[in-house]
Amino acid sequence: MNRTGEILTTSSDLVPTASTAGQVPWQSAMKRAIRSAARLRELLDLAPAPVTVAETDFPTFVPLEYLSRIRPGDPNDPLLRQVLPIAQEDESGGEGYSADPVGDLNSIVAKGLLHKYLGRALIVTTGACGVHCRYCFRRQFPYSESASGRTIDESAMQRLRSDRTIEEVILSGGDPLTLVDEKLFELIAEIESIEHVRRLRIHSRMPIVIPQRVTSSLVERLRGSRFAVWFVIHANHPAELDEDVLDRVGMLIDAGIPVLNQAVLLRGVNDDLETLSRLCTRLIDHRIQPYYLHQLDRVHGTGHFEVPIETGLKLVEQLRASLPGYAVPTYVVEESGQTSKTPLSQATDVRL
Ligand SMILES: *Cc1c(COP(=O)(O)O)cnc(C)c1O
Ligand code: SF4
């Protein structure tokens, strides 16, 4: 056996497995991501289907790292359902569904800056994501006009500097971890120069979809920040939390950065007690705190993902009856014009 002369090549036809995925730098993982539903179906041994209008508007984007956690041959796989464009999207969600259900467009105070809640301002760092989630409330957000580009816009900086009530800056998007370190670190340094900002929060699904994005240089930069840094990841199903993901998230937690998880309640993905319970348990077993469980935002094309609030309330009640208190996320809905996300409980009367 030749142990020295062998050159390992990667082929674009290679069907990824857990062992081949996750081995390339994160930028290469972005480049080699699957960009069509047809290719996704082919790789997963699923029957072909016509291209949908929704796919043209919001293209398929699935990294191989995520693909490797999807069961081939199962059109109902809960991870696949989150990323595969289907015909239902084209007619999904009628009355009550819109392009901006959460009123984000009214909260834009400067280019790429949303200031909706007291003390916290959110920077739309980029329109790019490491995966395209079919239920996403940002799928119709006009990024080209509001994304602050590679670094922060001057008008947004001015606003952050002049408003002393802002003590926390949230990096969001899109996904802020699709920015290369150079740009991301430059952005963090700019925000660090604003004295009254004390906390930095990073909202990212990258640790779930391309876990190798959590590099030691990123972790060291965040550890060295003058900010109290909080990290919010986004996993909806326990199968999204594979060993690679948990190792990388563990690097953040070991560096003293608290990691929270937000999930969206999605029909056919996590709308049953067993799945939610396994998700929450897997999170706390790895020191990640369940933060929010979001009711779906009513964006055009997402109606087939909606779970009735009554069902959500029952599920959360059942979680509370069986898990440690800190394992139970707060079930919330985002309502346009409110001063915070609205917690849902038996007593709330929104959309019931
Ligand atoms: C959700 C959100 C926040 C953060 O809200 P928290 O309840 O503090 O997590 C901040 N700004 C905007 C625009 C948001 O949508
Ligand atoms: S990663 Fe987040 S912002 Fe991007 S498509 Fe998914 S849910 Fe939306």
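Here the Karplus curve 6.51 cos²θ - 1.76 cosθ + 1.60, taken at θ = phi - 60°, turns the phi angles of segment 33-42 into couplings of 4, 6, 10, 8, 5, 4, 5, 4, 4, 4 Hz, with x standing for Gly and Pro.
Candidates Val209, Leu293, Ile194 compared by Cα position along the dipole of the chain: farthest toward the positive end lies Ile194, with charges placed on Cβ. Annotation: amide H-H contacts under 5 Å for Val232 (H modelled 1.01 Å from N, sequence separation of 5 or more, or interchain): Ile202, His203, Ser204, Leu260. Per residue, segment 54-122 exposes an accessible area of 41 Å² to a 1.4 Å probe, with every protein chain left in place.
The order of Tyr326, Tyr97 by accessible area, most exposed first and with a 1.4 Å probe, is Tyr326, Tyr97.
Using alpha-carbon positions, what is the distance between the centroids of segment 189-228 and segment 103-119, in Å? Result: 21 Å between the Cα centres. Express the carbon and sulfur contribution to the solvent-accessible surface of the chain as a percent, rounded to the nearest whole number, probe 1.4 angstrom. Roughly 51 percent of what the probe reaches on the chain is carbon or sulfur.
Accessible surface calculations at 1.4 Å, restricted to protein heavy atoms, place segment 259-352 at 44 Å² per residue. Peptide packing for 237-245, 59-67 was compared via the average number of neighbouring C-beta atoms within 10 Å per residue; ordered from the highest value, the list is 59-67, 237-245.
Computed about the Cα centre, the dipole magnitude for segment 145-284 is approximately 280 debye when only Lys and Arg (+1) and Asp and Glu (-1) carry charge, each at its Cβ.
Report the antiparallel proportion of the DSSP beta bridges in the chain as a percent, rounded to a multiple of 5. Of the beta bridges lying entirely in the chain, close to 25 percent run antiparallel. Among Pro63, Val24, Gly130, which residue has its Cα positioned farthest towards the positive end of the charge dipole of the chain, with +1 placed on the Cβ of Lys and Arg, -1 on the Cβ of Asp and Glu, and the dipole taken about the Cα centre? My answer, from the dipole projection, is Val24. For segment 250-266, putting each phi into the Karplus relation 6.51 cos²θ - 1.76 cosθ + 1.60 with θ = phi - 60° gives couplings of x, 4, 5, 5, 4, 7, x, 9, x, 10, 10, 10, 10, 10, 10, 6, 10 Hz, in residue order, rounded to whole numbers and with x for Gly and Pro. When the label point is put 7 Å from the Cα of Ser322 along its Cα-to-beta-carbon vector, which residues of segment 234-252 have a backbone N closer than 17 Å? What the label zone holds, given the 17 Å backbone N cut-off, is 237-239.
Computed from phi, the 3J(HN,Hα) profile of segment 153-168 under the Karplus parametrisation 6.51, -1.76, 1.60 (θ = phi - 60°) reads 6, 4, 5, 5, 4, 4, 5, 5, 5, 8, 9, 6, 6, 7, 9, 9 Hz, with x in place of Gly and Pro.
The values are calculated or read from the model by the stated rules, or taken from the named source; none is laboratory data. The structure displayed is predicted, hence computed values, not measured ones. Every residue, glycine as well, gets a Cβ built from its backbone with ideal geometry; the counts of neighbours run over all protein chains shown. Calculation scope for accessible area: heavy atoms of the full protein, side chains included, ligands and nucleic acids excluded. Shrake-Rupley method; radii C 1.70, N 1.55, O 1.52, S 1.80 Å.
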